[in-house]
Structures are given as structure tokens and as C-alpha cells.
Amino acid sequence: MLAKLLPGIEEKLLYRLLSENYQAQAKWYALAILSMFFVAGTTAASAWIMKDIVQSLSPDEPAYKVYGVAMAVAAIFAVKGIAGYLQAVFLSIAGNRIIASQQIKMFDRLIQQGVSYFGSKSSSDTLVSLTQASQAARAVLDTVLLSFVRDLFTLIGLGFVMFTQQPVLSAVSIVTIPVALFGIKNLLKKVRDIVTREMVSLSAIIKVATETSMGIRVIKAFALEDHMAARMNQAVTRVEKMSNSIARLQAATMPMMDVLSGLAIAAILAMSATTIFGGRVVTSQGQLLSFLTALIMAYDPARRLASMRIGIETGLVGVKMMYDLLDHPITMLESENAKPLPEGPRQVAFRNVSFNYEGGNGETVLKSLDLEFAAGKSTALVGPSGSGKSTILNLTMRLYDPTDGQVEIDGMDIRDVTFASLRENMAFVGQDTFLFAGSVKHNIGLGRADATDDEIIAAAKAANAHDFISKLPEGYESDVGENGGNLSGGQRQRLSIARAILRDAPILLLDEATSALDAESEAEIQKALHDLSQGRTTILIAHRLSSVMRADQIIVVKDGEILEQGTPAELLKNENFFKRSYDLQYDM
Ligand SMILES: Nc1ncnc2c1ncn2[C@@H]1O[C@H](COP(=O)(O)OP(=O)(O)OP(=O)(O)O)[C@@H](O)[C@H]1O
């Protein structure tokens, strides 16, 4: 119904926002609405009582009447004050709950999304949705409620006072309403467009800020300070401009309403001296004062009601962003019939797998691959940069689904396996080691939720990390800094190896797991990883061929196809890609 009263507004969006949230916060909204009735009632009463104040001051009236009116005035304003306070508090409680619940809902949706979703959306847009959009949802609900309940009922109350006191003059003042609405309609057209552009610019500010914080080393090394400052300046200026435009549009309703009310009051005053049907329009001073007070008091709620659509339009831009995020189809769904992996040796196989990235350059990254990673054995993937090695690991972890064919573990299509079971069975160490905010212990402990302190220390020892951790100011309790910024690349890598060791999973995936280590540490960790890989199905990617030589099997991938395959010794026997790379690296 509301949407019908507000033609032109995105009805579905508004209806959905209202139906989902009013129900969830019904108690608080009911209390807020109840308080609003009191605010509306007491506002009308405070105008009505003007007549009694004037009349009670006449010398003919007895003193007790003056006391009575004085007490009534005190009571009306006390109730109005309390109701106003309660209305604001209840509305805020409901509003803040809505912000919190929408943020949680959005994050739940976000975290369920597959990796491809994050590739297609910028992190700054996501941040704007999480912060601004939920605030916008609250603002729209507040506007609708305040305007439709408090302002509308206040106006009805004041209109009642006006009509009962001065029917003819009230009829005259109503003439101004269509004029005001016509003016507002013209302002509305621009609002949505400007607010949308403001949100985009806001996202640009966040993007520059995040990039500055993440890439500060590159910025300093290449003296990009001015470049970044110019980008920030541009984004900030754009938001400033948009905000000013919105403020101008919103404020434009004020002078319009001011002029209209001034004209109405002047016309009414002039008319009060007029005679209609042989009698003066105004019969008593008290009634005229009541009427004028009601008219002046009606100004604010009328202005808010008139500009309500601007407020709603502004907020709905954010609400749309919020629903875009909430409604975005989950890009990686667990199958309805998904089951945990049964006991098994954990052989991994690619059956006729083809794959290309959505939003990639359109080229097929993996071409009808048939691969077998023997259970409990280690297989090294070798090949030129961009040949598809990391993509093979991505598909093994089911970060993406094959475009064609299937990936199997012990003969079971991994699309039929629960995510929990799939992840439980795998440990991964990548070239970009990511650490989370918190202590060293916390970061290693993420490998297995129930790990004891002793197990964490044992994993750190196995990853050759215990010595450097012990030298940190607070040992295992030391903070790693944002994305491990307090640690060196090699130290971060050792922590992520410790995390994988702790996980103790039957399938081990290593993507350049030792790339950030110096030769000495690398040799030690190679040994640790080699020990770890014993009895586990291990797939490792390494550029240094020394790491590869320990593998049971080598698969050479080029342009998404298998070029060569065999044990290291077998491959070295013939003239081939692997042999040439080997000779080049060892300068033979
Ligand atoms: N998220 C992605 N979106 C689109 N294209 C991608 C994505 N990740 C990789 N690619 C493309 O897929 C191809 C294979 O990349 P992949 O990372 O698997 O190669 P790689 O053999 O592991 O390379 P490197 O040895 O350099 O790490 C490349 O052409 C790359 O540009």
C-alpha cells in the first residue's frame, strides 16, 4: 500500500525492505509507533490549548480556570517530551538492530560465495555495501516511519484543530499543498542519479586507502606518493561535490515551504478581517490563535512529509546495493546430496577436465586433462609460467568447478562431497602466504581447531619456525600485524607451512611453498615437507627443480595440456622439456 502512495519509487525494493524488517523488529517498532501517537496527539493538544489560554486570561474567568489551564499545559508538554524521547530511543534500538542484522546477513552471504565472486567484485564495493548500504536501510525505514506515522498523524491532529477552530481559513491554507508537492516532484528526478554516483566515488576513496595500506612499499619505492594523493584528491572531491548537490536538493524544499507558509499566514491574517455572509470570518481571538499555532506547527511535519520521497530515494540507492549483494547467486554451491568422503587411500584424478576462468581472456586454461595423482605418493607439476599449474590445484580444492569433465577423489566426483569433508582432507600452502590478525599461535592454530599448544609448537618446530618465534618479543603470543606485516616473507611462509603440518590432512597441496625462503632455510624446510608428504597424496608446484627431484612422479604441463610425464629419472633420460629446464637450471 505504501508503495502505491509513493508512485515512481522502486516499489518492490521498498516493500521488501519494510516487510522483512518491520516483522523482525515488530516489538520495538510497535513501541515507537505508540510513542509517536502520543507525540502527534500532544502536538495537536498544545495548539488547541492556545484558545483556552487566551480565554482563561479574560478578567471574567475565575482564577481556578487559569490554574486548570496551566496544569493542562504542563501535562501536555511533559507527555510530549517523554513520548518524543521514547520514540527516538525505540526507533534507534530497532534501527541499530536492523543495521547489525543486515551486516551479518550480508557477510554470511559473502563468505559462502565461491572464489570467482571475489574475482568479479572489487573489495571496496563490498566494503561500501557492508557499511553504507545497511545504514541506508535503516535511514529508509526511519524516514518511512517518522513521516508516515509521526508526521502524518501530527498533521491530522493539527488539521483537526485548524478545522474545528477556523473552517474557512483552513480551507484556504489547504490550497498550498498541491503547489508544494509539484515543486518537490521536480527535485526528485535528480536525486537517485546523484546518490548512485556518490556511492561509486565513496568506493573509490576506500580503494585508494586500501591500496595505499597494502602497497605502501611499492608506493615508496617508486615514489608514487603524488600519484596516490592525486587519486585520493579526485575521489574525495567527487564525493564532496555529490554531497553538496544532494544537500542543495534536500535544502531546496525549505525556502519553498517557507515562502508558501508565509504567504498562507499573511493571506489568512488578511482574510480574518474579511466578512462572509454578513459575519466576520474570525469569531474569537482565542480561536484565531489556536488556528495560527496549529498552522505554524504544521509547517515542519508538512515539510518533512513533502520531502520524504527525497529521503527515501536517497536511501534506496544503498538498499539496492545491499540486496544486490544478498541476492547474488552463490557461485559455488554444495550439492544437495553431498556426502563426506568415505575412508579411502585418497587418490586424486582429473577425468577429461577442461576449464576456463569466467572473466578471463576467453582462452581455455586446461584442455581435456586426464591426470592421476597416486594415493600416498608425491607428484610435481612443472611447466612454464601461465601453463595452468595453480589452476590444477584450484580445481582440486574445488575453488572452481571444471567447465567440462570431473575431478575425483577415490573415484568420487568432488562436486558430490561436502565442503567440510573436502577441506578436512586437504592442507594447502600457497605462494601468497596470508596471515590473519592475531598472534603467531592463533595463526598456526587455524590449521586445526582442536590443536593443543604442544601440537602447535611441534608443528612450528617441523616447519623450522620455532627458533624465530621464540626470539619474538612475546614468543607464540606475538602479534603478526596486518597480513603478517611484522614478519618477513620467509617467516610468514614458515608459519603457513606449520599451519599445514598441524592440519595433518591426507592430501597435501604445495604451490611454491618455499619460494620466499633463502637457500639454507629452503633446504631444511624441503626436508620437513618431504617428511610430511610421506604417505600423503601430495601435489607440488615448484620452479626450482631440486624440489621436484624428490617427487615420485613429474607431470610437465604446457598450455593446459600434459607435455611429459614420468619419474624424475625417466624424464632425465630423454631430450625433452624437463631435461632442458634441468640442464638450464644447473648450467649443464
Ligand atoms: N582468477 C583468474 N581469472 C582469470 N584468469 C586467470 C585467473 N587465474 C589464472 N588465470 C589465467 O589462467 C592461466 C593459467 O594460470 P595459472 O595460475 O594456473 O598458471 P601457472 O602455471 O600456475 O603459472 P605460474 O607458474 O606463473 O604461477 C593464465 O593464463 C592466467 O592468466
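The values are calculated or read from the model by the stated rules, or taken from the named source; none is laboratory data. Please read all numbers here as calculations on a predicted model, not as lab measurements. Glycine gets a Cβ as well: all are built from the backbone with ideal geometry, and neighbour counts include every protein chain shown.
Exactly one condition in (1) more than 16 Å from the ligand (Cβ to nearest atom); (2) in contact with a Ser or Thr (Cβ under 6 Å, 6 or more places away or on another chain); (3) in a loop (DSSP other than H, G, I, E, B) is false for Glu336; which is it?
All conditions are met except number (2).
Of the conditions (1) of a type outside the set (Phe, Trp, Tyr); (2) at pLDDT below 80; (3) in contact with a helix residue (DSSP H, G or I) (Cβ under 8 Å, 6 or more places away or on another chain), Met242 satisfies every one except a single condition; which number is it?
It fails just one condition, (2).
Look through Ile562, Ile507, Ile539 and report the one residue that is β-branched (Val, Ile, Thr), more than 16 Å from the ligand (Cβ to nearest atom) and at pLDDT 80 or above. Explain how you work it out, then say what you get.
Working: Ile562 fails: more than 16 Å from the ligand (Cβ to nearest atom); Ile539 fails: more than 16 Å from the ligand (Cβ to nearest atom).
Answer to the check: Ile507.
Cβ-Cβ below 6 Å, separation at least six or inter-chain, first residue in region 377-392 and at positive phi, second hydrophobic (A, V, I, L, M, F, W, C) and near the ligand (Cβ under 6 Å from one of its atoms): which pairs?
Gly388/Val365
Every residue, every condition in (1) hydrophobic (A, V, I, L, M, F, W, C); (2) crowded, with 16+ Cβ neighbours inside 10 Å; (3) within 15 Å of the ligand (Cβ to nearest atom), yes or no:
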position	(1), (2), (3)
Gly344	no, no, no
Gln347	no, yes, no
Asn361	no, no, yes
Val365	yes, yes, yes
Ser378	no, yes, no
Gly383	no, yes, yes
Gly386	no, no, yes
Asn394	no, yes, yes
Gly411	no, no, no
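Residues checked against (1) assigned to a loop (DSSP other than H, G, I, E, B); (2) within 37 Å of the chain's Cα centre (by Cα):
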{"position": "Asn486", "(1), (2)": "yes, yes"}
{"position": "Ala498", "(1), (2)": "no, yes"}
{"position": "Ala513", "(1), (2)": "yes, yes"}
{"position": "Asp531", "(1), (2)": "no, no"}
{"position": "Ile539", "(1), (2)": "no, yes"}
{"position": "His543", "(1), (2)": "yes, no"}
{"position": "Ile555", "(1), (2)": "no, no"}
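Would you say Ile98 is among the aliphatic types (A, V, I, L, M) and touching a residue at least 12 places away in the same chain (Cβ under 8 Å)?
On the way: among the aliphatic types (A, V, I, L, M): yes; touching a residue at least 12 places away in the same chain (Cβ under 8 Å): yes.
It is true that Ile98 is among the aliphatic types (A, V, I, L, M) and touching a residue at least 12 places away in the same chain (Cβ under 8 Å).
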